[in-house]
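Notes follow once the structure below has been shown.
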Amino acid sequence: MDATEEACVRYTNLYWLDLVSSKSARGNEERIFERGLVVPLKAADADSFMTLGINGALVSMKGRDMTIVDRSCTYVGQMVVSGSDVGGQMGVVVGVSTTLDLVQLNVHGEATKTIRGVRPSGLRRVRALSLGDYVVSGQWLGRVVQVFLDVDVVFDDGAVCKVTDAEPKKLRAANTVATFRPQMNCAFYSGEQVTGDRGDPSAVFRESQWLDGSWKPEHEVGSVSRVEMVGVLVYWVASAHGGTDEQVLEMSAPSAYQNPNDLTFFCSSSDCTWGLGDRCFLITKTDDDTSDHHHQDESLHALPTMTVSSTHTIVDVLWQDGTRQHRAPSISLNPSECTNEHEFFPGQYVVDNAPVDVTFAVVGDDDVVSATDDASTRRVGVVRSLNSNDHTVQVSWIKANNEAGNLSLEVECDSTTASAYDLSRDPDHSVFYGDIVVRLLSSVAGSRPAVVVQQPQAPADLSWVGQVVNLCVDGHVQVKWGDGTTSMVLPHEISVVNKDNYTQLQAEMDNWAEEDAIVDDPQELGAANVHNDPTDTTSVEGDDGSVDELDGHAAVIMQNLAQASARSHEDPSVGGAATEYNIADLAARSDASVDASNSDTVEDVVKVTDATGDDDHRPFNLPHFDVVQSPPDDHHYLDTTDQGSTGKKRWVKTVQKEWKILENSLPDGIYVRAFEGRMDLLRVVMVGASGTPYQDGLFFFDMQLPPSYPAVPPQVYYHSFGLHLNPNLYPSGTVCLSLLNTFDGEGTEVWSPGTSSLLQVVVSLQALVLNDQPYYNEASLEALIDTPEGHRNALPYCENAFLLSSRTMLHLVRRPPQGFEGFVKDHFRRRGRYVLRMCEAYLKGCVPVEEGGMELPCSAGFNIALANVVPRLMAAFTKVGDEGSDLSSTTTQ
């Protein structure tokens, strides 16, 4: 655990970009310099945090001496939890109101004037457009990814020069400790003292255009008199006619380089929030008149530059249970990542993902698809509320009309209770609070536009671009358009624009030489928000004490680490833990075609099969390692043509050595088959270990040894059947593991040609991937272990993993991988009864410890979803037991 993580454990409720102050501060006068924004830099002391002060200086503060003043980085659409119940339900911010306190600083950094309670609408940033801002040019919507500035510098003798394209050049603040946030500020502002390169301070001025006077050697330090935005790079994300269609964007988008005077500001990016130290002008005209927001207002340059000294933020929150909280202090809420794919909010569209009886067909060389289990035929609904304790969702199901891609608002019922595990977000109607959207015209959206809109004619027409302000439980989406109007639309009538961070968009524009200019100045400090990638972070202290820029993606949330509180699931009305189930109930509830009498329970069937006296734990007939002649036709890498080294003696000798290790050292529960005719291929099957949500399941992997093996690791493919079983195992079959170089790692975690082996790979898959706490397999979530927020996500993740493991069993019984048909049947003949016994125990709320089962919450939502699966498992295991006369006496259900 590094210093920052240790500090996380000690001091809860502290997040990046929180405004904090020293507890010793008294009052607001002159104490502004004891305040700072928490930034993602490691402090030398494990009990301390680095903070960015009002003067741009980085200061280390002791965590125990810090008081949270405000959380101004809160934005509409952000996920939050209550600071007093971090393990409880999630909320989404639906409204933010911020006021600012401003000070005027002199050249010595002293406050000379204070103004309190200013709204952002009365301010103008020094740089009119910020990185990530949404702008409109005619019928096109884009994102600003780079801004070009000219800076006028005046010297003591009255001489003035213009430094063109100032930010990428060697012009820098004379105060070497000064830093700034690129999203909000530029490096220069009126009154700031600047200089050139440390080796030759006057070089940048010598090569500049002189507006008054001429260059002299003593011109080493000057003051900024004017900052002018002369150009921007824009990444175009949508158009009025083509929506977000990529083909339209590629073929018809305007030039990326734009004159700011030709652009109309629409709104800022979610991570562009006001914070301590931001520079601005105090103006009398509000930003409601956005038509000329982009113009360079000459009068602004005569105004004094003000600096934000404090922020005061209150928010409105929509909670998952449908309740709303108004005017909550921002510090009463904690930012939270929505890492659980079964978290839903009122108004979201969902798809019924419960298992159904299917007919399978082969597609290429991979697994199966269903002729009847097509996502397009599944029910679509709108969430009304979610019970975060029970993992149940109130859903209004809606009917699709005959028009492709359109939905009607005809509902099948007012509301029904569904398991969160049986639902997934509807990818075709994925709209959320704060999303920037464009209105699709009838030619794009179909023949039923919500509002008929004329084609945009004037450059300032913003009637077709808007922001989502509400998701209604009747399926409508409320959008506030750029022209100030608000209307209700349906999801198919709008298109959500690209949400990537501006740095990601800029990276796609790699054909421009200016790409690296945005963060060229090592004094810059990147802003952070809670959705940034925690792996993309670098920051080092230079020899002279200056701090290199920390990229905007570097910030990650410091997670709340309070002690876990007990959960209760006491609502039997929606299938609580005490509810008894029989086969007929299960079949009826899940519409399963299972032939069973009302008097038979799972336990009754299991007792009958137990009477056969089979030794269910005797070794399987399949050896742990075996070599056969040819690989099966369904091997994922069968058509791999890159086999150039498979005939070389050294390569063959290496593979044979690996075979020998596998033959002698494979642990229980892992079986490997190799092929003489294709020594580069292997097939592996693993039995889920006791005490994990994967217990008694079978999991198949195909491997291929590249010609350069063992210089590079093997390729590994997981037979997923389209299920996202685990953070490391993707529905596409991708296996994310540092040992395979598909995930970051260090030391023994990554592949080493001299020491790594196939045995290490398969053992890692069994022990590190198919483990008892798969939620924490994500490296960024390790800090949440034994925390309330961690428990809130880890426990339901295990419930869902158990359900997905059960559904994987169904796929395997219906279509076992070639070469392992007998093994699959034999395994489920022997272990099927224990799988069902475990399911029965979970449905009754009893943890089957004697069978090695793991302790699950057994929530109502889990029971509902499991009740959908059990009848199909019973039918599948019955079929396996009935195949062949020698199996009829050992049938398991």
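The values are calculated or read from the model by the stated rules, or taken from the named source; none is laboratory data. Being a predicted model, the structure only gives us computed values, none of them experimental. Cβ atoms come from the backbone with ideal geometry, glycine included; neighbour counts cover every protein chain shown.
For segment 719-741, the criterion of being surrounded by fewer than 16 Cβ atoms within 10 Å (Cβ to Cβ) and either in the same structural domain as M838 (by TED's automatic domain parsing) or over 31 Å from the mean Cα position of the chain (by Cα) (or both) is satisfied by no residue at all. Of the residues screened, L804 is not one that is in contact (Cβ under 8 Å) with a residue 40 or more places away in the chain, under 11 Å from V870 (Cα atoms) and not assigned by TED's automatic domain parsing to the domain that holds A689.
Among the residues examined, F721 qualifies as part of a loop (DSSP other than H, G, I, E, B), touching an Asp or Glu at 6+ places or on another chain (Cβ under 6 Å) and under 25 Å from E341 (Cβ atoms). The single residue among V221, V234 that is hydrophobic (A, V, I, L, M, F, W, C) and under 26 Å from H108 (Cβ atoms) turns out to be V221. In the set G88, G83, G77, only one residue is of a type in the set (G, A, S) and within 26 Å of V437 (Cα to Cα); that residue is G77. From the list A783, A867, the lone residue that is assigned to a helix (DSSP H, G or I), at pLDDT below 85, surrounded by 20 or more Cβ atoms within 10 Å (Cβ to Cβ) and of a type outside the set (F, W, Y) is A783.
Is it true that M874 is crowded, with 20+ Cβ neighbours inside 10 Å, touching a Gly at 6+ places or on another chain (Cβ under 7 Å), more than 12 Å from E799 (Cβ to Cβ) and in contact (Cβ under 8 Å) with a residue 40 or more places away in the chain? Answer is no for this residue.
Could you check segment 742-760 and list, in sequence order, the residues that are surrounded by fewer than 16 Cβ atoms within 10 Å (Cβ to Cβ) and not in a loop (DSSP other than H, G, I, E, B)? Result: G747, T748, E749.
For (1) of a type outside the set (V, I, T); (2) in contact (Cβ under 8 Å) with a residue 40 or more places away in the chain; (3) assigned to a loop (DSSP other than H, G, I, E, B); (4) over 29 Å from A354 (Cα atoms), each residue gets a yes or a no:
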{"position": "F700", "(1), (2), (3), (4)": "yes, yes, no, no"}
{"position": "P706", "(1), (2), (3), (4)": "yes, yes, yes, yes"}
{"position": "Y709", "(1), (2), (3), (4)": "yes, yes, yes, yes"}
{"position": "S732", "(1), (2), (3), (4)": "yes, no, yes, no"}
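Answer yes if at least one residue in segment 796-808 is surrounded by fewer than 23 Cβ atoms within 10 Å (Cβ to Cβ), modelled with pLDDT under 90 and either out of contact with any Gly (no Cβ under 8 Å at 6 or more places or on another chain) or part of a loop (DSSP other than H, G, I, E, B) (or both), and no otherwise. The answer is no; no qualifying residue exists.
Against the numbered list (1) crowded, with 19+ Cβ neighbours inside 10 Å; (2) in a strand (DSSP E or B), Q104 comes up short only at (1). Does R35 count as buried (at least 19 other Cβ atoms within 10 Å of the Cβ), of a type in the set (K, R) and within 27 Å of the chain's Cα centre (by Cα)? The answer is no for R35.
Total residues in segment 395-413 satisfying the condition of being surrounded by fewer than 21 Cβ atoms within 10 Å (Cβ to Cβ) and modelled with pLDDT of 70 or more: the figure is 4.
Considering G87, G117, G109, the condition of being surrounded by fewer than 17 Cβ atoms within 10 Å (Cβ to Cβ) and touching a His at 6+ places or on another chain (Cβ under 9 Å) is satisfied by G117 alone. Among the residues of segment 147-174, those identified as modelled with pLDDT of 90 or more and under 33 Å from the mean Cα position of the chain (by Cα) are V147, F148.
Cβ-Cβ distances below 8 Å connect the following pairs, each with a first residue in segment 108-125 that is aliphatic (A, V, I, L, M), a second residue that is part of a helix (DSSP H, G or I), and a separation of six or more residues or different chains: A111/I32. Note on segment 461-512: among residues that are among the small types (G, A, S) and outside any loop (DSSP other than H, G, I, E, B), the one that is farthest from L318 (Cα to Cα) is A507. On the basis of being under 29 Å from K162 (Cα atoms), at pLDDT 90 or above, within 36 Å of the chain's Cα centre (by Cα) and not assigned by TED's automatic domain parsing to the domain that holds W464, does S255 make the cut? When the stated conditions are applied, S255 passes them.
Could you tell me whether segment 66-89 includes any residue that is modelled with pLDDT under 95, in contact with a Pro (Cβ under 6 Å, 6 or more places away or on another chain), in a strand (DSSP E or B) and not aliphatic (A, V, I, L, M)? Yes - at least one qualifying residue is present in segment 66-89. The residues of segment 673-716 that are under 21 Å from P731 (Cα atoms) and β-branched (V, I, T), listed by number, are V684, V685, V687, T692, V716.
Against the test of being among the aliphatic types (A, V, I, L, M) and out of contact with any Ser or Thr (no Cβ under 7 Å at 6 or more places or on another chain), the options V221, V232, V177, V248 yield a single qualifying residue, V232. For S130, indicate whether it is in a strand (DSSP E or B), in contact (Cβ under 8 Å) with a residue 40 or more places away in the chain and polar (S, T, N, Q). So S130 fails the test. Among the residues of segment 421-432, none qualifies, meaning not one is among the β-branched types (V, I, T) and either part of a strand (DSSP E or B) or modelled with pLDDT under 90 (or both).
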